[in-house]
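Participant: Let me give you the structure first, and then I'll get to my questions.
The values are calculated or read from the model by the stated rules, or taken from the named source; none is laboratory data. Values in this document were obtained by computation on a predicted structure and should not be read as measured data. Quick reminder, even Gly has a Cβ in these numbers, built from the backbone with ideal geometry, and neighbours come from all protein chains shown.
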Amino acid sequence: MSPTRSDAGVAASDPHDGLAVLEARGSTAEAFGIPLAVLAELTHRCPLQCPYCSNPVELDRGGSELTTEEWKKVLTELAQIGVLQIHFSGGEPTARKDLVELVQHASDVGLYSNLITSAVLLTREKLSALADAGLCHVQISFQGNEPMVADRVAGLKNAHEKKLEVARWTRELDLPLTVNAVMHRQNLHQLADIIEMAVDLDADRLEVANVQYYGWALKNRAALMPTLSQIEETSRIVEEAAVRLKGILTIDYVVPDYYALRPKKCMGGWGRQFFNISPAGKVLPCHAAESITGLEFESVRSNHSIAWIWQNSEAFNRYRGTGWMKEPCKSCEFREIDFGGCRCQAFALTGDAGNTDPACTLSPMHEQLFKQAELEAASDNNRFLYRNFSGGTLETGDNHGA
Amino acid sequence: MATPRNRNINVSESSRPVLPRHAKLKFDETRQVWVILAPERVLAPDEIAVEVLQLCDGVRSVADMVDQLAAKYAAEREAILTDVIAMLQDLADKGFLTEAREKTS
(Lines give C-alpha, C1' and ligand atoms only; values in the text may rest on other atoms or scores of the structure.)
Protein backbone atom coordinates (compact mmCIF):
# COMPACT_ATOMS: atom_id res chain seq x y z
CA MET A 1 0.00 0.00 0.00
CA SER A 2 1.07 3.48 -0.67
CA PRO A 3 2.10 4.59 2.82
CA THR A 4 4.94 2.12 2.67
CA ARG A 5 6.04 3.53 -0.64
CA SER A 6 9.38 5.20 -0.62
CA ASP A 7 8.20 8.27 -2.47
CA ALA A 8 4.64 9.54 -2.48
CA GLY A 9 5.18 11.68 -5.58
CA VAL A 10 5.84 8.67 -7.70
CA ALA A 11 3.82 9.51 -10.79
CA ALA A 12 5.90 11.15 -13.46
CA SER A 13 4.37 14.00 -15.39
CA ASP A 14 4.84 14.94 -18.99
CA PRO A 15 5.31 18.70 -19.24
CA HIS A 16 3.38 18.82 -22.54
CA ASP A 17 0.11 17.21 -21.54
CA GLY A 18 -1.54 19.92 -19.47
CA LEU A 19 -1.31 17.79 -16.35
CA ALA A 20 0.97 18.38 -13.42
CA VAL A 21 1.40 16.05 -10.48
CA LEU A 22 0.40 18.15 -7.53
CA GLU A 23 2.12 15.97 -4.95
CA ALA A 24 5.65 16.31 -6.21
CA ARG A 25 5.52 20.09 -6.26
CA GLY A 26 4.38 22.19 -3.33
CA SER A 27 6.07 19.74 -1.00
CA THR A 28 9.32 21.66 -1.16
CA ALA A 29 7.68 24.66 0.50
CA GLU A 30 9.00 25.55 3.92
CA ALA A 31 5.47 26.01 5.19
CA PHE A 32 4.57 22.30 4.94
CA GLY A 33 1.13 22.54 3.43
CA ILE A 34 -1.53 20.11 4.49
CA PRO A 35 -1.05 16.71 2.81
CA LEU A 36 -3.23 15.78 -0.13
CA ALA A 37 -3.94 12.32 1.25
CA VAL A 38 -4.29 10.93 4.76
CA LEU A 39 -4.32 7.33 5.98
CA ALA A 40 -7.02 6.53 8.54
CA GLU A 41 -6.23 3.35 10.44
CA LEU A 42 -9.72 2.63 11.71
CA THR A 43 -8.76 -0.38 13.82
CA HIS A 44 -5.87 -2.69 14.54
CA ARG A 45 -8.26 -5.67 14.72
CA CYS A 46 -7.72 -8.05 11.82
CA PRO A 47 -8.60 -11.68 11.04
CA LEU A 48 -5.26 -12.10 9.25
CA GLN A 49 -1.96 -12.63 11.08
CA CYS A 50 0.60 -11.70 8.41
CA PRO A 51 4.13 -11.85 9.83
CA TYR A 52 5.09 -8.57 8.09
CA CYS A 53 2.11 -6.55 9.32
CA SER A 54 2.81 -2.82 9.13
CA ASN A 55 0.93 -2.15 12.37
CA PRO A 56 3.03 -1.51 15.48
CA VAL A 57 3.96 -4.48 17.68
CA GLU A 58 2.01 -2.72 20.46
CA LEU A 59 -1.47 -2.83 18.90
CA ASP A 60 -4.31 -0.50 19.88
CA ARG A 61 -7.09 -2.50 21.58
CA GLY A 62 -10.66 -2.30 20.30
CA GLY A 63 -11.79 -0.36 23.36
CA SER A 64 -9.43 2.54 22.65
CA GLU A 65 -10.67 3.10 19.07
CA LEU A 66 -12.23 6.39 18.04
CA THR A 67 -16.02 6.27 17.95
CA THR A 68 -18.10 6.77 14.81
CA GLU A 69 -18.83 10.36 15.80
CA GLU A 70 -15.14 11.04 16.49
CA TRP A 71 -14.11 9.69 13.07
CA LYS A 72 -16.81 11.74 11.35
CA LYS A 73 -15.56 14.87 13.08
CA VAL A 74 -12.02 14.00 11.95
CA LEU A 75 -13.15 13.51 8.33
CA THR A 76 -14.98 16.83 8.32
CA GLU A 77 -11.94 18.59 9.74
CA LEU A 78 -9.59 16.96 7.21
CA ALA A 79 -11.76 18.10 4.30
CA GLN A 80 -11.93 21.63 5.73
CA ILE A 81 -8.15 22.01 5.99
CA GLY A 82 -7.56 20.81 2.42
CA VAL A 83 -7.04 17.04 2.50
CA LEU A 84 -8.42 15.59 -0.76
CA GLN A 85 -8.13 11.83 -0.35
CA ILE A 86 -8.75 9.48 2.55
CA HIS A 87 -7.40 5.93 2.68
CA PHE A 88 -9.42 3.72 5.04
CA SER A 89 -7.04 1.13 6.37
CA GLY A 90 -6.29 -0.90 9.50
CA GLY A 91 -5.88 -3.57 10.77
CA GLU A 92 -8.89 -4.60 8.80
CA PRO A 93 -11.15 -1.56 8.24
CA THR A 94 -14.17 -3.72 7.43
CA ALA A 95 -14.00 -5.04 11.00
CA ARG A 96 -15.58 -1.68 11.91
CA LYS A 97 -19.37 -1.97 11.81
CA ASP A 98 -19.65 1.72 10.88
CA LEU A 99 -17.52 1.61 7.74
CA VAL A 100 -20.39 2.34 5.31
CA GLU A 101 -21.40 5.29 7.46
CA LEU A 102 -17.83 6.61 7.49
CA VAL A 103 -17.45 6.24 3.70
CA GLN A 104 -20.77 8.03 3.23
CA HIS A 105 -19.56 10.83 5.49
CA ALA A 106 -16.29 11.09 3.55
CA SER A 107 -18.35 11.44 0.35
CA ASP A 108 -20.61 14.04 1.97
CA VAL A 109 -17.68 16.25 2.94
CA GLY A 110 -16.05 15.82 -0.50
CA LEU A 111 -13.21 13.40 0.26
CA TYR A 112 -12.08 10.85 -2.35
CA SER A 113 -12.18 7.52 -0.52
CA ASN A 114 -10.04 4.44 -0.91
CA LEU A 115 -10.48 1.15 0.95
CA ILE A 116 -7.34 -0.84 1.77
CA THR A 117 -8.62 -4.25 2.81
CA SER A 118 -7.81 -7.94 3.24
CA ALA A 119 -11.35 -8.52 1.89
CA VAL A 120 -12.03 -11.65 3.95
CA LEU A 121 -14.86 -10.08 6.00
CA LEU A 122 -16.70 -8.55 3.04
CA THR A 123 -20.03 -9.77 1.71
CA ARG A 124 -21.36 -8.74 -1.68
CA GLU A 125 -24.09 -6.73 0.08
CA LYS A 126 -21.55 -4.85 2.19
CA LEU A 127 -19.37 -4.07 -0.82
CA SER A 128 -22.41 -2.90 -2.77
CA ALA A 129 -23.40 -0.63 0.15
CA LEU A 130 -19.87 0.81 0.20
CA ALA A 131 -20.10 1.51 -3.54
CA ASP A 132 -23.46 3.23 -3.03
CA ALA A 133 -21.91 5.31 -0.23
CA GLY A 134 -19.47 6.69 -2.80
CA LEU A 135 -16.37 4.56 -2.32
CA CYS A 136 -13.96 5.47 -5.15
CA HIS A 137 -11.37 2.68 -5.16
CA VAL A 138 -10.68 -0.73 -3.58
CA GLN A 139 -7.26 -2.20 -2.79
CA ILE A 140 -7.16 -5.89 -1.88
CA SER A 141 -4.06 -7.50 -0.41
CA PHE A 142 -2.94 -10.89 -1.71
CA GLN A 143 -0.34 -13.08 -0.01
CA GLY A 144 0.35 -15.32 -3.01
CA ASN A 145 -1.34 -16.60 -6.17
CA GLU A 146 -2.72 -19.84 -4.71
CA PRO A 147 -4.01 -20.99 -1.29
CA MET A 148 -1.04 -23.09 -0.14
CA VAL A 149 1.35 -20.19 0.20
CA ALA A 150 -1.23 -17.40 0.57
CA ASP A 151 -3.25 -18.91 3.43
CA ARG A 152 -0.10 -19.90 5.29
CA VAL A 153 1.33 -16.36 5.11
CA ALA A 154 -2.02 -14.83 6.11
CA GLY A 155 -2.41 -17.35 8.92
CA LEU A 156 -6.04 -17.86 7.88
CA LYS A 157 -7.67 -20.82 6.13
CA ASN A 158 -9.62 -20.15 2.92
CA ALA A 159 -8.48 -16.52 2.89
CA HIS A 160 -7.19 -16.68 -0.69
CA GLU A 161 -10.42 -18.06 -2.19
CA LYS A 162 -12.41 -15.40 -0.37
CA LYS A 163 -10.14 -12.64 -1.67
CA LEU A 164 -10.59 -13.85 -5.25
CA GLU A 165 -14.35 -13.81 -4.80
CA VAL A 166 -14.39 -10.26 -3.39
CA ALA A 167 -12.06 -9.04 -6.15
CA ARG A 168 -14.56 -10.32 -8.74
CA TRP A 169 -17.46 -8.59 -6.96
CA THR A 170 -15.43 -5.39 -6.91
CA ARG A 171 -15.17 -5.38 -10.70
CA GLU A 172 -18.79 -6.51 -11.14
CA LEU A 173 -19.80 -3.44 -9.16
CA ASP A 174 -17.62 -1.38 -11.51
CA LEU A 175 -15.28 -0.28 -8.71
CA PRO A 176 -11.63 0.18 -9.72
CA LEU A 177 -9.38 -2.48 -8.21
CA THR A 178 -5.77 -2.45 -7.09
CA VAL A 179 -4.14 -5.74 -6.16
CA ASN A 180 -1.58 -5.27 -3.38
CA ALA A 181 1.06 -7.98 -3.30
CA VAL A 182 3.54 -7.88 -0.44
CA MET A 183 6.61 -9.84 -1.49
CA HIS A 184 9.31 -11.69 0.47
CA ARG A 185 11.56 -14.72 0.19
CA GLN A 186 8.74 -17.23 0.65
CA ASN A 187 6.43 -15.93 -2.11
CA LEU A 188 8.67 -14.16 -4.63
CA HIS A 189 8.70 -17.30 -6.80
CA GLN A 190 5.00 -16.63 -7.43
CA LEU A 191 5.41 -13.09 -8.73
CA ALA A 192 4.87 -13.88 -12.43
CA ASP A 193 1.70 -15.79 -11.51
CA ILE A 194 0.51 -12.97 -9.24
CA ILE A 195 0.82 -10.57 -12.18
CA GLU A 196 -1.29 -12.92 -14.33
CA MET A 197 -3.80 -13.24 -11.47
CA ALA A 198 -4.15 -9.45 -11.36
CA VAL A 199 -4.82 -9.38 -15.12
CA ASP A 200 -7.37 -12.20 -14.82
CA LEU A 201 -9.13 -10.31 -12.01
CA ASP A 202 -9.35 -7.27 -14.32
CA ALA A 203 -7.45 -5.14 -11.80
CA ASP A 204 -6.47 -1.64 -12.88
CA ARG A 205 -3.31 -1.55 -10.81
CA LEU A 206 -0.89 -3.90 -9.12
CA GLU A 207 1.38 -2.83 -6.30
CA VAL A 208 4.39 -5.09 -5.92
CA ALA A 209 5.79 -4.05 -2.56
CA ASN A 210 8.75 -5.74 -0.99
CA VAL A 211 8.43 -6.04 2.77
CA GLN A 212 9.77 -3.09 4.75
CA TYR A 213 11.53 -4.33 7.85
CA TYR A 214 10.27 -2.71 11.01
CA GLY A 215 7.82 -3.83 13.68
CA TRP A 216 6.44 -7.30 12.98
CA ALA A 217 8.49 -7.69 9.80
CA LEU A 218 11.71 -6.99 11.70
CA LYS A 219 10.83 -9.79 14.13
CA ASN A 220 10.31 -12.04 11.08
CA ARG A 221 13.23 -10.77 9.03
CA ALA A 222 15.10 -14.07 8.90
CA ALA A 223 12.03 -15.83 7.52
CA LEU A 224 11.20 -13.09 5.00
CA MET A 225 14.44 -11.59 3.69
CA PRO A 226 14.83 -12.27 -0.05
CA THR A 227 18.11 -13.23 -1.65
CA LEU A 228 19.92 -10.82 -3.94
CA SER A 229 19.26 -13.09 -6.93
CA GLN A 230 15.54 -13.12 -6.09
CA ILE A 231 15.52 -9.32 -6.12
CA GLU A 232 17.28 -9.19 -9.48
CA GLU A 233 14.78 -11.67 -10.91
CA THR A 234 11.91 -9.64 -9.43
CA SER A 235 13.06 -6.44 -11.09
CA ARG A 236 13.40 -8.26 -14.42
CA ILE A 237 9.87 -9.74 -14.17
CA VAL A 238 8.31 -6.41 -13.18
CA GLU A 239 10.05 -4.48 -15.97
CA GLU A 240 9.06 -7.03 -18.60
CA ALA A 241 5.42 -7.09 -17.42
CA ALA A 242 5.17 -3.30 -17.22
CA VAL A 243 5.99 -3.06 -20.94
CA ARG A 244 3.87 -6.05 -22.01
CA LEU A 245 0.80 -4.91 -20.03
CA LYS A 246 0.86 -1.22 -20.89
CA GLY A 247 -2.73 0.02 -21.08
CA ILE A 248 -3.98 -3.14 -19.35
CA LEU A 249 -2.38 -3.14 -15.89
CA THR A 250 -0.38 -0.40 -14.18
CA ILE A 251 2.37 -1.84 -11.98
CA ASP A 252 3.95 0.08 -9.11
CA TYR A 253 7.07 -1.47 -7.69
CA VAL A 254 8.69 -0.89 -4.31
CA VAL A 255 12.24 -2.26 -4.04
CA PRO A 256 13.60 -3.51 -0.72
CA ASP A 257 15.97 -0.95 0.74
CA TYR A 258 18.36 -3.43 2.36
CA TYR A 259 19.80 -4.13 -1.07
CA ALA A 260 19.75 -0.51 -2.21
CA LEU A 261 22.68 1.89 -2.26
CA ARG A 262 20.69 4.94 -1.32
CA PRO A 263 17.95 4.99 1.34
CA LYS A 264 14.34 5.56 0.38
CA LYS A 265 12.80 9.01 0.76
CA CYS A 266 10.57 7.58 3.43
CA MET A 267 7.09 9.19 3.50
CA GLY A 268 8.50 11.83 1.16
CA GLY A 269 10.43 13.10 4.19
CA TRP A 270 9.23 13.16 7.82
CA GLY A 271 6.26 15.51 8.21
CA ARG A 272 6.47 16.83 4.66
CA GLN A 273 3.57 15.30 2.73
CA PHE A 274 1.93 12.60 4.79
CA PHE A 275 0.34 11.79 8.11
CA ASN A 276 -1.84 9.02 9.41
CA ILE A 277 -4.29 8.70 12.24
CA SER A 278 -4.07 5.64 14.47
CA PRO A 279 -7.14 3.72 15.71
CA ALA A 280 -6.93 5.56 19.04
CA GLY A 281 -6.64 8.93 17.30
CA LYS A 282 -2.91 9.68 17.40
CA VAL A 283 -1.70 11.85 14.53
CA LEU A 284 1.50 10.21 13.27
CA PRO A 285 4.16 11.10 10.66
CA CYS A 286 4.03 7.46 9.49
CA HIS A 287 2.22 4.31 10.54
CA ALA A 288 5.34 2.94 12.27
CA ALA A 289 6.27 6.15 14.10
CA GLU A 290 5.03 4.94 17.48
CA SER A 291 7.87 2.40 17.43
CA ILE A 292 10.24 5.31 18.15
CA THR A 293 10.21 5.58 21.92
CA GLY A 294 10.61 8.98 23.52
CA LEU A 295 8.42 10.80 21.01
CA GLU A 296 5.05 12.09 22.22
CA PHE A 297 2.32 12.06 19.59
CA GLU A 298 -0.70 14.35 19.86
CA SER A 299 -4.21 12.95 19.54
CA VAL A 300 -7.30 14.20 17.71
CA ARG A 301 -8.87 13.84 21.17
CA SER A 302 -6.61 16.62 22.48
CA ASN A 303 -7.74 20.23 22.40
CA HIS A 304 -5.48 20.93 19.41
CA SER A 305 -6.74 21.05 15.85
CA ILE A 306 -5.30 18.58 13.33
CA ALA A 307 -3.72 21.47 11.40
CA TRP A 308 -2.01 22.67 14.61
CA ILE A 309 -0.68 19.19 15.33
CA TRP A 310 0.68 18.92 11.78
CA GLN A 311 2.38 22.29 11.88
CA ASN A 312 3.44 22.74 15.48
CA SER A 313 3.69 19.49 17.40
CA GLU A 314 7.07 18.43 18.70
CA ALA A 315 6.89 14.99 17.08
CA PHE A 316 6.36 16.39 13.58
CA ASN A 317 9.02 19.06 13.95
CA ARG A 318 11.70 16.84 15.50
CA TYR A 319 12.84 15.31 12.20
CA ARG A 320 11.41 17.76 9.71
CA GLY A 321 13.68 19.23 7.06
CA THR A 322 17.43 18.91 7.57
CA GLY A 323 18.16 20.88 10.77
CA TRP A 324 18.11 17.78 12.99
CA MET A 325 20.74 15.93 10.98
CA LYS A 326 24.10 14.69 12.18
CA GLU A 327 26.95 13.56 9.96
CA PRO A 328 27.09 11.91 7.47
CA CYS A 329 23.64 13.33 6.54
CA LYS A 330 24.39 16.91 7.59
CA SER A 331 26.88 17.67 4.84
CA CYS A 332 25.56 15.12 2.33
CA GLU A 333 24.61 16.38 -1.12
CA PHE A 334 21.56 14.05 -1.07
CA ARG A 335 20.18 15.34 2.24
CA GLU A 336 17.21 17.06 0.58
CA ILE A 337 16.67 14.16 -1.82
CA ASP A 338 16.18 11.33 0.66
CA PHE A 339 16.09 13.25 3.99
CA GLY A 340 18.34 10.64 5.57
CA GLY A 341 15.99 7.75 4.80
CA CYS A 342 13.61 6.20 7.31
CA ARG A 343 13.56 7.41 10.95
CA CYS A 344 11.84 4.26 12.20
CA GLN A 345 14.44 2.04 10.54
CA ALA A 346 17.27 4.18 11.94
CA PHE A 347 15.75 3.81 15.41
CA ALA A 348 15.07 0.08 15.10
CA LEU A 349 18.57 -0.75 13.87
CA THR A 350 20.76 1.83 15.63
CA GLY A 351 18.73 2.85 18.68
CA ASP A 352 18.72 6.53 17.59
CA ALA A 353 16.12 7.86 15.16
CA GLY A 354 18.48 10.79 14.46
CA ASN A 355 21.10 8.55 12.85
CA THR A 356 21.45 7.92 9.14
CA ASP A 357 19.20 5.10 7.96
CA PRO A 358 21.52 2.06 7.73
CA ALA A 359 20.06 1.36 4.26
CA CYS A 360 22.36 4.19 3.10
CA THR A 361 25.86 3.17 2.02
CA LEU A 362 27.20 6.19 3.95
CA SER A 363 25.90 4.78 7.23
CA PRO A 364 28.65 3.11 9.29
CA MET A 365 26.21 0.22 9.77
CA HIS A 366 25.38 -0.35 6.11
CA GLU A 367 27.97 -3.04 5.38
CA GLN A 368 26.97 -5.01 8.45
CA LEU A 369 23.29 -4.72 7.54
CA PHE A 370 23.82 -5.97 4.00
CA LYS A 371 25.91 -8.93 5.20
CA GLN A 372 23.25 -9.80 7.76
CA ALA A 373 20.53 -9.67 5.10
CA GLU A 374 22.53 -12.02 2.89
CA LEU A 375 23.13 -14.41 5.78
CA GLU A 376 19.47 -14.43 6.81
CA ALA A 377 18.31 -14.87 3.23
CA ALA A 378 20.59 -17.89 2.87
CA SER A 379 19.41 -19.39 6.15
CA ASP A 380 16.74 -22.04 6.29
CA ASN A 381 14.69 -20.33 8.96
CA ASN A 382 11.26 -20.19 7.35
CA ARG A 383 9.14 -20.25 10.48
CA PHE A 384 6.84 -17.26 10.96
CA LEU A 385 5.95 -15.37 14.10
CA TYR A 386 2.29 -14.54 13.45
CA ARG A 387 0.99 -11.11 14.31
CA ASN A 388 -1.67 -10.90 17.02
CA PHE A 389 -2.66 -9.00 20.15
CA SER A 390 -0.70 -11.31 22.46
CA GLY A 391 2.72 -10.36 21.12
CA GLY A 392 2.85 -12.96 18.35
CA THR A 393 2.53 -16.73 17.99
CA LEU A 394 5.20 -18.94 16.47
CA GLU A 395 4.16 -21.08 13.54
CA THR A 396 3.95 -24.79 14.30
CA GLY A 397 4.29 -27.63 11.81
CA ASP A 398 0.60 -28.38 11.48
CA ASN A 399 -1.44 -25.32 12.34
CA HIS A 400 0.21 -22.62 10.23
CA GLY A 401 -1.34 -20.26 12.72
CA ALA A 402 -4.68 -20.79 11.00
CA MET B 1 -6.89 -17.26 -21.79
CA ALA B 2 -8.42 -14.57 -23.96
CA THR B 3 -6.34 -11.51 -24.67
CA PRO B 4 -7.10 -9.01 -21.90
CA ARG B 5 -8.93 -5.97 -23.10
CA ASN B 6 -7.00 -2.78 -23.40
CA ARG B 7 -8.59 -0.19 -21.14
CA ASN B 8 -7.59 2.72 -23.29
CA ILE B 9 -10.05 4.08 -25.83
CA ASN B 10 -9.36 5.57 -29.23
CA VAL B 11 -10.74 9.09 -29.30
CA SER B 12 -12.50 10.17 -32.48
CA GLU B 13 -15.09 12.81 -33.39
CA SER B 14 -17.90 10.41 -32.57
CA SER B 15 -16.54 9.39 -29.11
CA ARG B 16 -18.58 10.38 -26.09
CA PRO B 17 -15.87 10.44 -23.43
CA VAL B 18 -16.51 10.66 -19.71
CA LEU B 19 -14.31 10.52 -16.63
CA PRO B 20 -14.25 6.98 -15.20
CA ARG B 21 -15.65 6.41 -11.73
CA HIS B 22 -12.19 6.44 -10.14
CA ALA B 23 -11.23 9.85 -11.57
CA LYS B 24 -12.92 12.90 -10.15
CA LEU B 25 -12.54 16.45 -11.38
CA LYS B 26 -12.97 18.97 -8.61
CA PHE B 27 -12.01 22.49 -7.62
CA ASP B 28 -9.71 22.48 -4.61
CA GLU B 29 -10.83 25.45 -2.52
CA THR B 30 -7.80 25.34 -0.24
CA ARG B 31 -5.21 25.52 -3.02
CA GLN B 32 -7.44 27.34 -5.51
CA VAL B 33 -6.67 24.93 -8.35
CA TRP B 34 -8.63 22.34 -10.31
CA VAL B 35 -7.55 18.79 -9.55
CA ILE B 36 -8.20 15.31 -10.88
CA LEU B 37 -8.40 12.83 -8.02
CA ALA B 38 -7.36 9.30 -8.95
CA PRO B 39 -6.16 6.28 -6.98
CA GLU B 40 -2.88 7.25 -5.32
CA ARG B 41 -2.60 10.40 -7.39
CA VAL B 42 -3.69 14.02 -7.47
CA LEU B 43 -3.17 15.83 -10.76
CA ALA B 44 -3.56 19.47 -11.60
CA PRO B 45 -4.94 19.93 -15.15
CA ASP B 46 -4.26 23.27 -16.83
CA GLU B 47 -7.07 25.71 -17.78
CA ILE B 48 -7.62 24.29 -21.25
CA ALA B 49 -7.73 20.71 -20.03
CA VAL B 50 -10.24 21.72 -17.34
CA GLU B 51 -12.50 23.41 -19.88
CA VAL B 52 -12.47 20.35 -22.14
CA LEU B 53 -12.88 17.87 -19.27
CA GLN B 54 -15.94 19.74 -18.02
CA LEU B 55 -17.55 19.05 -21.38
CA CYS B 56 -16.86 15.31 -21.10
CA ASP B 57 -20.19 14.15 -19.69
CA GLY B 58 -20.62 10.93 -21.63
CA VAL B 59 -23.50 12.49 -23.61
CA ARG B 60 -21.73 15.07 -25.77
CA SER B 61 -19.69 13.75 -28.65
CA VAL B 62 -16.25 15.14 -29.37
CA ALA B 63 -17.77 16.75 -32.48
CA ASP B 64 -20.32 18.60 -30.30
CA MET B 65 -17.59 19.73 -27.93
CA VAL B 66 -15.49 21.07 -30.77
CA ASP B 67 -18.49 22.95 -32.25
CA GLN B 68 -19.07 24.53 -28.87
CA LEU B 69 -15.44 25.56 -28.39
CA ALA B 70 -15.13 26.84 -31.98
CA ALA B 71 -18.18 29.05 -31.46
CA LYS B 72 -17.00 30.28 -28.07
CA TYR B 73 -13.53 31.24 -29.23
CA ALA B 74 -14.49 32.14 -32.82
CA ALA B 75 -11.67 29.87 -33.94
CA GLU B 76 -11.18 27.55 -36.88
CA ARG B 77 -12.92 24.25 -36.24
CA GLU B 78 -10.23 22.02 -37.77
CA ALA B 79 -7.47 23.44 -35.56
CA ILE B 80 -9.55 22.98 -32.41
CA LEU B 81 -10.53 19.46 -33.44
CA THR B 82 -6.90 18.42 -33.82
CA ASP B 83 -5.93 19.91 -30.45
CA VAL B 84 -8.92 18.52 -28.57
CA ILE B 85 -8.51 15.00 -29.93
CA ALA B 86 -4.79 15.03 -29.10
CA MET B 87 -5.51 16.20 -25.56
CA LEU B 88 -8.34 13.72 -24.97
CA GLN B 89 -6.32 10.84 -26.38
CA ASP B 90 -3.50 11.72 -24.03
CA LEU B 91 -5.88 11.79 -21.05
CA ALA B 92 -7.41 8.50 -22.19
CA ASP B 93 -3.98 6.89 -22.48
CA LYS B 94 -3.30 7.91 -18.88
CA GLY B 95 -6.57 6.32 -17.75
CA PHE B 96 -8.51 9.52 -17.04
CA LEU B 97 -11.15 9.09 -19.74
CA THR B 98 -13.39 6.27 -20.77
CA GLU B 99 -16.21 5.84 -23.28
CA ALA B 100 -19.77 6.25 -22.01
CA ARG B 101 -21.36 2.82 -21.71
CA GLU B 102 -24.93 1.95 -22.51
CA LYS B 103 -26.51 0.83 -19.25
CA THR B 104 -28.75 -2.17 -19.76
CA SER B 105 -30.58 -1.77 -16.48
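Participant: Spot the failing condition for A:Pro176; the list is (1) in contact with a Cys (Cβ under 8 Å, 6 or more places away or on another chain); (2) away from every other protein chain (no Cβ under 14 Å), and only one is missed.
Facilitator: For A:Pro176, the failing item is (2).
Participant: Moving on. Could you list, in sequence order, all residues of region A:264-292 that are farther than 20 Å from A:Pro358 by Cα and among the β-branched types (Val, Ile, Thr)?
Facilitator: Of everything in region A:264-292, those that are farther than 20 Å from A:Pro358 by Cα and among the β-branched types (Val, Ile, Thr) turn out to be A:Ile277, A:Val283.
Participant: Determine which single condition A:Val199 fails, assuming it passes every other condition in (1) farther than 16 Å from A:Ala150 by Cβ; (2) at pLDDT 95 or above; (3) crowded, with 24+ Cβ neighbours inside 10 Å.
Facilitator: A:Val199 satisfies every listed condition except (3).
Participant: If you don't mind, there's one more thing I want to ask. Report yes if A:Leu130 is touching a helix residue (DSSP H, G or I) at 6+ places or on another chain (Cβ under 9 Å) and either free of Cβ contacts under 8 Å to residues at least 24 places away in the same chain or more than 14 Å from chain B (Cβ to nearest Cβ) (or both), otherwise no.
Facilitator: So A:Leu130 fails the test.
Participant: It is to be established whether one or more residues within region B:66-78 are more than 30 Å from A:Val38 (Cβ to Cβ), more than 9 Å from chain A (Cβ to nearest Cβ) and within 11 Å of the chain's Cα centre (by Cα).
Facilitator: no
Participant: Do you know which residues across region A:348-374 are surrounded by fewer than 21 Cβ atoms within 10 Å (Cβ to Cβ), without any contact (Cβ under 8 Å) to a residue 40 or more places away in the chain and not acidic (Asp, Glu)?
Facilitator: Once the filter is applied, which keeps residues that are surrounded by fewer than 21 Cβ atoms within 10 Å (Cβ to Cβ), without any contact (Cβ under 8 Å) to a residue 40 or more places away in the chain and not acidic (Asp, Glu), region A:348-374 yields A:Thr350, A:Gly351, A:Gly354, A:Leu362, A:Pro364, A:Met365, A:His366, A:Gln368, A:Lys371, A:Gln372.
Participant: Among residues belonging to region B:13-23 that are within 14 Å of chain A (Cβ to nearest Cβ) and more than 11 Å from the chain's Cα centre (by Cα), point out the one that is modelled with the lowest pLDDT.
Facilitator: Here the residue is B:Arg21.
Residue by residue, here is whether (1) loosely packed, with under 14 Cβ neighbours inside 10 Å; (2) part of a helix (DSSP H, G or I); (3) at pLDDT 90 or above holds:
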{"position": "B:Val59", "(1), (2), (3)": "yes, no, yes"}
{"position": "B:Met65", "(1), (2), (3)": "no, yes, yes"}
{"position": "B:Ala70", "(1), (2), (3)": "no, yes, yes"}
{"position": "B:Ala75", "(1), (2), (3)": "yes, no, no"}
{"position": "B:Glu78", "(1), (2), (3)": "yes, yes, yes"}
{"position": "B:Ala86", "(1), (2), (3)": "yes, yes, yes"}
{"position": "B:Gln89", "(1), (2), (3)": "no, yes, yes"}
{"position": "B:Gly95", "(1), (2), (3)": "no, no, no"}
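Participant: Something else about it: Look through region A:375-401, keep the residues that are exposed (fewer than 15 other Cβ atoms within 10 Å of the Cβ) and of a type in the set (Gly, Ala, Ser), and return whichever of them is farthest from A:Ala223 (Cα to Cα).
Facilitator: The qualifying residue farthest from A:Ala223 (Cα to Cα) is A:Ser390.
Participant: Here's another thing I want to ask about it. Considering B:Val35, B:Val50, which residue is at pLDDT 90 or above, in contact with a strand residue (DSSP E or B) (Cβ under 8 Å, 6 or more places away or on another chain), assigned to a helix (DSSP H, G or I) and within 14 Å of another protein chain (Cβ to nearest Cβ)?
Facilitator: B:Val50
Participant: Applying the selection to region A:265-320, what residues are in a loop (DSSP other than H, G, I, E, B), within 19 Å of A:Glu69 (Cβ to Cβ) and not aliphatic (A, V, I, L, M)?
Facilitator: A:Ser278, A:Pro279, A:Gly281, A:Arg301, A:Ser302, A:Asn303, A:His304, A:Ser305
Participant: Restrict the check to region A:151-158 and report whether at least one residue is surrounded by fewer than 23 Cβ atoms within 10 Å (Cβ to Cβ), touching a residue at least 12 places away in the same chain (Cβ under 8 Å) and farther than 26 Å from A:Glu395 by Cα.
Facilitator: For region A:151-158, residues surrounded by fewer than 23 Cβ atoms within 10 Å (Cβ to Cβ), touching a residue at least 12 places away in the same chain (Cβ under 8 Å) and farther than 26 Å from A:Glu395 by Cα: absent.
Participant: Scanning for something in contact with a strand residue (DSSP E or B) (Cβ under 9 Å, 6 or more places away or on another chain), buried (at least 22 other Cβ atoms within 10 Å of the Cβ) and within 14 Å of another protein chain (Cβ to nearest Cβ), does region A:55-78 turn up at least one residue?
Facilitator: Looking for residues that are in contact with a strand residue (DSSP E or B) (Cβ under 9 Å, 6 or more places away or on another chain), buried (at least 22 other Cβ atoms within 10 Å of the Cβ) and within 14 Å of another protein chain (Cβ to nearest Cβ), one finds at least one in region A:55-78, hence yes.
Participant: State all residues of region A:317-372 that are of a type in the set (Lys, Arg) and more than 18 Å from A:Cys286 (Cβ to Cβ); if no residue qualifies, say none.
Facilitator: A:Lys326, A:Lys330, A:Arg335, A:Lys371
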